[in-house]
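Participant: Got a structure here, written out as structure tokens. Questions coming.
Bear in mind that the values in this text are calculations on the coordinates, not laboratory data. Treat the numbers as computed from the prediction; the structure is a model and nothing was measured. Reconstructed Cβ throughout: ideal geometry from the backbone, glycine too, with neighbour counts over all protein chains shown.
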């Protein structure tokens, strides 16, 4: 075998495994980063859902205590409730929202 054949064979012998190792390492690193971003996004969605639940509870209790709800209050509750449900909120708020919608309308 001549010098160049041996050099090429030696180069391929260490370069290919090194390149594959680097590629696998990069892939694992990117996968972990994407996974943590997804988890972070899920945590933000859960936090927003909790804040919406708290706000809806506060608003519905206030209007139920007043015995009436203005049109702007109904629109606000409806918008918050739709967003809450879109984020996966469960039905424990549904009854309170419906109770507000059943109230007579009041002046704003």
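Participant: Need the full-extension length gain, residue 35 to residue 106, defined as separation in residues times 0.36 nm minus the C-alpha distance. One decimal, nm.
Facilitator: Details: separation 71, 0.36 × 71 = 25.56 nm, distance 4.87 nm.
Going from the current span to full extension adds 20.7 nm.
Participant: May I ask you to derive the relative contact order of region 7-108, considering only C-alpha pairs under 8 Å and at least 6 residues apart, and to give it as an integer percent?
Facilitator: 32
Participant: Can I ask one more? Where does each of 68-75, 13-20 land if you order them by average Cβ count within 10 Å, highest first?
Facilitator: On the way: 68-75: 14.6, 13-20: 9.9.
Per-residue mean Cβ counts within 10 Å order the peptides as 68-75, 13-20.
Participant: Which of rounded, prolate or oblate describes region 27-79 when judged by the alpha-carbon gyration tensor and an a/c cut-off of 1.5?
Facilitator: Prolate, because a/c is 1.5 or more and a/b exceeds b/c.
Participant: Using only the C-alpha atoms of region 3-106, find the volume of their convex hull and express it per residue in Å³. Mind dumping the intermediate values first?
Facilitator: On the way: hull volume 9.7 nm³, N = 104.
Here the figure is 94 Å³ per residue.
Participant: What angle do you read, to the nearest 10 degrees and between 0 and 90, between the alpha-carbon axis of helix 71-86 and the longest principal axis of the chain?
Facilitator: Here the helix axis deviates by roughly 30 degrees.
Participant: Suppose each label sits 7 Å from its Cα in the direction of the beta carbon; what would the residue 4-residue 43 distance come out to in nanometres?
Facilitator: Going from the residue 4 label point to the residue 43 one covers 5.7 nm.
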